[in-house]
Amino acid sequence: MYILELFLIDGAPSREGLLNVIAFCVALLVALVLHEVAHGFVAMLNGDKTAKYLGRLSLNPAKHFDWRGLLMMLICGFGWAKPVPVNPHNYKNLKVGSVTVALAGVATNLLLAFVASFFYVWLQSAIPSMDFSNEVLYYTVYLLNVTLQFIIQLNINFALFNLLPLYPLDGYRLLSSFMNENNKFLTAIRKYSFYIVIALVALNLVPYLKTFSPLYWYIGKFGGAIVEAFLNFWRLFF
């Protein structure tokens, strides 16, 4: 289990392992909650207040967690949240509303990763001058360092994962904004998406088959390139 891998360092529990788990949970809350709130907020800007009336503009994580997505997150390090309910019929402009709401979560995740990259690069530039004989300083910096790493990693992973054209991810919402949802293709996607996701994740977890996993190449390779691009941009200023 991914969460257990974070906790055990060299096969044994440690303070750093506990801080890894705390950092992961903080980053997870930031990425998931703000992703979903962004959907609801942009929907409201487009004229639909469904999310607001149902309490989905809240920063309370319990309002947004999906148990299956949370379980996948704990097992393999990425998952999904409960989709924010929207009513496209309330949009001032159906096409604009559908596209902007679909992209709101992804854009928010990428922005969070970009901002966190600034603080991560700044921290790396400051670390050499720090005196880590002070344990409080050491563990504080360690926690901040891994939290920023997880915020960058998880937000980019979420952005890429949610762009997959699978129901009920943002990629499907974006695709459906240009197509009739009743056509056979989108109907099939809605019917089989959950099983496709499970198959993709399962393949990604098998050691010898992982290098052939579409998720490994898509999120691992492309996501890694985005991380490096963000970090290299901020390194220009330090």
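The values are calculated or read from the model by the stated rules, or taken from the named source; none is laboratory data. Values in this document were obtained by computation on a predicted structure and should not be read as measured data. Every residue, glycine as well, gets a Cβ built from its backbone with ideal geometry; the counts of neighbours run over all protein chains shown.
Within segment 64-81, is even one residue surrounded by fewer than 16 Cβ atoms within 10 Å (Cβ to Cβ), without any contact (Cβ under 8 Å) to a residue 60 or more places away in the chain and part of a loop (DSSP other than H, G, I, E, B)?
The answer is no, given that none of the residues of segment 64-81 is surrounded by fewer than 16 Cβ atoms within 10 Å (Cβ to Cβ), without any contact (Cβ under 8 Å) to a residue 60 or more places away in the chain and part of a loop (DSSP other than H, G, I, E, B).
Assess whether A113 counts as being buried (at least 16 other Cβ atoms within 10 Å of the Cβ), of a type in the set (A, V, I, L, M) and in a helix (DSSP H, G or I).
The answer is yes for A113.
So which residues in segment 200-224 are touching a helix residue (DSSP H, G or I) at 6+ places or on another chain (Cβ under 6 Å) and more than 25 Å from Q149 (Cβ to Cβ), if there are any at all?
Scanning segment 200-224 gives a single hit, L209.
Conditions first: (1) touching a residue at least 60 places away in the same chain (Cβ under 8 Å); (2) out of contact with any Asp or Glu (no Cβ under 6 Å at 6 or more places or on another chain); (3) buried (at least 20 other Cβ atoms within 10 Å of the Cβ). L215 passes all but one, so which condition is the exception?
Failing condition for L215: (1).
Is it the case, given these coordinates, that L143 is under 20 Å from E5 (Cα atoms) and in contact with a helix residue (DSSP H, G or I) (Cβ under 6 Å, 6 or more places away or on another chain)? Full working, then the answer.
Numbers: under 20 Å from E5 (Cα atoms): yes; in contact with a helix residue (DSSP H, G or I) (Cβ under 6 Å, 6 or more places away or on another chain): yes.
In short, yes.
Looking only at segment 85-110, which residues are in contact with a helix residue (DSSP H, G or I) (Cβ under 8 Å, 6 or more places away or on another chain) and not in a helix (DSSP H, G or I)?
Across segment 85-110, the qualifying residues are P85, V86, N87, Y91.
Out of the residues in segment 182-238 meeting the condition of being charged (D, E, K, R) and closer than 15 Å to Q153 by Cβ, tell me which one is modelled with the lowest pLDDT.
The extreme case among them is K221.
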